[in-house]
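Colleague: Below are the structure tokens for one structure; questions will follow.
The values are calculated or read from the model by the stated rules, or taken from the named source; none is laboratory data. It should be emphasised that the depicted structure is a prediction, and the values quoted were computed from it without experimental measurement. Methodologically, a virtual Cβ is constructed for each residue, glycine included, from the backbone with ideal geometry; neighbour enumeration extends over all protein chains shown. All accessible areas refer to the heavy atoms of the entire protein, side chains included, with ligands and DNA or RNA removed. Shrake-Rupley method; radii C 1.70, N 1.55, O 1.52, S 1.80 Å.
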Amino acid sequence: MNNIIYAGKHPLTFSVSRHAHTGWEFIYCTEGQGAFVFDDFTLNYEAGDIAIIPPFMPHSNASTDGFCNIHINMLNPKLNIKTPALIHDDVNKFILNAFSASFFHFNKDTRQRTALLSSYGDIISCYIVSNREETLHSEIVEEIESEIIRSYNDCNFELDKYLHSLPFNYDYLRKLFRKEIGITPHQYLRDKRLQTAAETLSIDRGRSNIHEIARLCGFREALYFSRMFRKKYGISPRTYQTRQQEITPNETKIIL
């Protein structure tokens, strides 16, 4: 269990004197920049960075222009980290949301405070592990991926229009996305829609027709959807749906 035992904020601050904690400290820089100074090295940080500092690790925090942060102390997080480290939040600011919620619930006297803080401790720990394990992509590629994930099930979402709205060359973005993700933005969008369609067909059990499912997954035309589905999965959506209806609840369901 990842128990958050303290959550606080620094308004505009220029220095924090040398100190250490018996538990882990996580510091999210919300504004400004600075440096964490340890015995034999320094970690420079900026807004959006999260410092991970293991227990009993003396450090100070200094900034020329000042910084603001949310800082959390936690006991027993499940982290395989031996030395202080920095990670950066993604474009969605999910880690910042978790830090802000932790601060709010720590300072709000509610009956569920302990359970909520434990849950947010788990979320923060998972984000840190995931962030350190994944290959980091460039900020613009993360932004494109996030926009596709937010909008893929909207059949009015126009990926080309979105890409052209970005302050980069269109062909450069397509090549960069493919280099970092492995497929083009359009392939990523299509695969996300088809994967959702397969999952929907698996649980729908024939309640919706193919046209309805196509629109729910971001396809305007059922015919185009059926053609793309067959190309990816080797069978038509209707056949796939029929096969899923034949699976009994006790059978293992295999998604093609």
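Colleague: Are there helices (runs of 4 or more DSSP H) fully within segment 65-173 with at least 3 residues that are hydrophobic (A, V, I, L, M, F, W, C)? List them.
Modeller: Numbers: elements: 94-107, 113-133, 139-151, 159-165.
Counting at least 3 such residues, we get 94-107, 113-133, 139-151.
Colleague: Which residue, of Leu12, Leu43, is of a type in the set (A, V, I, L, M) and open to solvent by 40 Å² or more (accessible area, probe 1.4 Å)? Give the derivation first.
Modeller: On the way: Leu43 fails: open to solvent by 40 Å² or more (accessible area, probe 1.4 Å).
Testing whether each residue is of a type in the set (A, V, I, L, M) and open to solvent by 40 Å² or more (accessible area, probe 1.4 Å) leaves just Leu12.
Colleague: Could you check how many residues of segment 212-236 are surrounded by 16 or more Cβ atoms within 10 Å (Cβ to Cβ) and either of a type in the set (Asp, Glu) or modelled with pLDDT under 90 (or both)?
Modeller: We begin by selecting, within segment 212-236, every residue surrounded by 16 or more Cβ atoms within 10 Å (Cβ to Cβ); these are 213-219, 222, 225-226, 228-229, 233.
Adding the requirement that they be either of a type in the set (Asp, Glu) or modelled with pLDDT under 90 (or both) leaves 233.
Looking only at that region, the number is 1.
Colleague: Within the group Tyr120, Tyr127, Tyr28, which residue is open to solvent by 50 Å² or more (accessible area, probe 1.4 Å) and touching a residue at least 40 places away in the same chain (Cβ under 8 Å)? Walk me through how you get there before you give the answer.
Modeller: On the way: Tyr127 fails: touching a residue at least 40 places away in the same chain (Cβ under 8 Å); Tyr28 fails: open to solvent by 50 Å² or more (accessible area, probe 1.4 Å).
Going through Tyr120, Tyr127, Tyr28 in turn, the sole match is Tyr120.
Colleague: Checking the structure you have, find out if any residue of segment 88-98 is surrounded by fewer than 18 Cβ atoms within 10 Å (Cβ to Cβ) and of a type in the set (Asp, Glu).
Modeller: There is no residue in segment 88-98 that is surrounded by fewer than 18 Cβ atoms within 10 Å (Cβ to Cβ) and of a type in the set (Asp, Glu).
Colleague: Would a scan of segment 32-39 turn up a residue that is modelled with pLDDT under 95 and assigned to a loop (DSSP other than H, G, I, E, B)?
Modeller: Yes, segment 32-39 contains a residue that is modelled with pLDDT under 95 and assigned to a loop (DSSP other than H, G, I, E, B).
Colleague: Could you list, in sequence order, the residues of segment 221-242 that are more than 28 Å from the chain's Cα centre (by Cα) and among the basic types (Lys, Arg)?
Modeller: Once the filter is applied, which keeps residues that are more than 28 Å from the chain's Cα centre (by Cα) and among the basic types (Lys, Arg), segment 221-242 yields Arg227, Arg230, Lys231, Arg238.
Colleague: A further question follows. Do the conditions hold for Ser60, that is, is it of a type outside the set (A, V, I, L, M, F, W, C), open to solvent by less than 50 Å² (accessible area, probe 1.4 Å), over 19 Å from Asp122 (Cα atoms) and assigned to a strand (DSSP E or B)? Give the steps one after another, and end with the answer.
Modeller: Numbers: of a type outside the set (A, V, I, L, M, F, W, C): yes; open to solvent by less than 50 Å² (accessible area, probe 1.4 Å): yes; over 19 Å from Asp122 (Cα atoms): yes; assigned to a strand (DSSP E or B): yes.
Yes.
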